[in-house]
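S.K.: Dumping the structure here so I can ask a few things about it.
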Amino acid sequence: MKHKILFILHLPPPIHGAAMVGQYIQDSKIINNTFDTDYVNLTTSFSLDKIGKSSIGKYFTILKIQARIVKALLSSEYDLCYMTLTAKGAGFYKDLAVVAVLKLFRKNIIYHFHNKGVEDSSKNKINAFLYRFAFQNTQSILLSPHLYHDIADYVKKEDVYFCANGIPETKEIFTISETIITDEQQPCKLLFLSNMMVEKGVLVLLKTCQLLKERNLHFGCHFIGSWSEITESRFSEIIQDYSLQNYVFAHGKKYNEEKLAFFHQSSVFVLPTYNECFPLVLLEAMEHSLPVVSTPEGGIPDIVVDGKTGFLIPQQNAEALADKLELLIKQPELRACMGVSGRKRYEELFTLKKFENNMKGILKKAIAHKRV
């Protein structure tokens, strides 16, 4: 007889890492064929600009979510309740109401974290008390061992599992030779793909582009992503101030074939982020044989092997970023070599099938390692 699991997770829209992974789990034949599964969507913000903001509609949505969970718990006996718990802020307080319901029913709980911030938020005594309540007699899944310090005060290592994210392989993908432009007459195409936010390194990359232009390097930098705290008008003003009109181009958000076209046509992927856990977009870049230049933030050191599949540079350091990008712009052979290594690493560690099998094993262990 199959073990029964209630999955309480985020699903798109909006599209972000946690929601995409939630969709992968809900659609997983491996997981759904192994366990008897039910799903409740934990999403209360259905667009990126609504995340972190309160509204009357959100409170009604939270009540509906709780009602669905209570109904599920009353109608079925679950061996495990899986929940994507938000680590801090308003999202954590919202999720705490769901946690309270699960604990009232004395359920075996495992949290899956796609963000971080417990360590910093714990400096507030009230938050520390709430975390002790939330984590008591529970287990957790983290994306990387590099993130364990965030919850170390509340969860013993034997109650923690590590599972790297994985992504589905693109059905139609260009060969490695087709993705790499070695013609010196063509500008080296740099690609940034994320939400247009300061913490994603947008401003750092723009400053870097100014430095690359001053070094007389032949490049173009393409930004793909939804406008957010960095608006289109603010972005355009910076382009004007830095005189980057012929070097930097913003294309807004792109999906499916349009997004894939940018991966196919690019030479280097750049994400100088300084607030991240395990960005799926880096896996996409590696799948497309692109060298990746990023920062040692969160679990990124588990993704990018510095000096082999790309470079990791200090956060908020435009000069260091410019130095590494200059190296890649001038050496197409190095780009090709790093791209091949990144593709191999993706195939070995970060496919969706690898993620699904890892999750299946973790969920089985969590059921056997019941904490209540």
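S.K.: Step by step: first the residues of the stretch 17-38, then only those that are of a type outside the set (A, V, I, L, M), in contact (Cβ under 8 Å) with a residue 40 or more places away in the chain and under 23 Å from V281 (Cα atoms), then the one that is surrounded by the most Cβ atoms within 10 Å (Cβ to Cβ). Which residue is that?
M.R.: Ranking the qualifying residues of the stretch 17-38, first place goes to G22.
S.K.: What single numbered condition from (1) at pLDDT below 95; (2) in contact with a Cys (Cβ under 6 Å, 6 or more places away or on another chain) fails to hold for C221?
M.R.: (1)
S.K.: Look at the stretch 302-353 and say how many of its residues are basic (K, R), under 29 Å from F162 (Cβ atoms) and touching a residue at least 40 places away in the same chain (Cβ under 8 Å).
M.R.: Start the filter on the stretch 302-353 by keeping residues that are basic (K, R), which leaves 308, 324, 330, 335, 343-345, 353.
Checking which are under 29 Å from F162 (Cβ atoms) leaves us with 308, 324, 343-345, 353.
Of the ones still in play, those that are also touching a residue at least 40 places away in the same chain (Cβ under 8 Å) are 343, 345, 353.
So the answer is 3.
S.K.: Evaluate the stretch 59-75: report whether one residue or more is touching a residue at least 12 places away in the same chain (Cβ under 8 Å), open to solvent by 50 Å² or more (accessible area, probe 1.4 Å), touching a helix residue (DSSP H, G or I) at 6+ places or on another chain (Cβ under 6 Å) and basic (K, R).
M.R.: no
S.K.: Within the stretch 226-267, can you find the residues that are closer than 15 Å to L212 by Cβ and open to solvent by 100 Å² or more (accessible area, probe 1.4 Å)?
M.R.: N246, the sole residue that qualifies.
S.K.: Does C221 satisfy being open to solvent by less than 20 Å² (accessible area, probe 1.4 Å) and either more than 30 Å from A19 (Cα to Cα) or part of a loop (DSSP other than H, G, I, E, B) (or both)? Walk me through how you get there before you give the answer.
M.R.: Details: open to solvent by less than 20 Å² (accessible area, probe 1.4 Å): yes; either more than 30 Å from A19 (Cα to Cα) or part of a loop (DSSP other than H, G, I, E, B) (or both): no.
No; evaluated as a whole, the condition is false for this residue.
The values are calculated or read from the model by the stated rules, or taken from the named source; none is laboratory data. The structure displayed is predicted, hence computed values, not measured ones. Every residue, glycine among them, receives a Cβ derived from its backbone with ideal geometry; neighbour counts consider all protein chains shown. The protein model used for the area step is the full one, side chains on, heavy atoms only, and it has no ligands, DNA or RNA in it. Shrake-Rupley method; radii C 1.70, N 1.55, O 1.52, S 1.80 Å.
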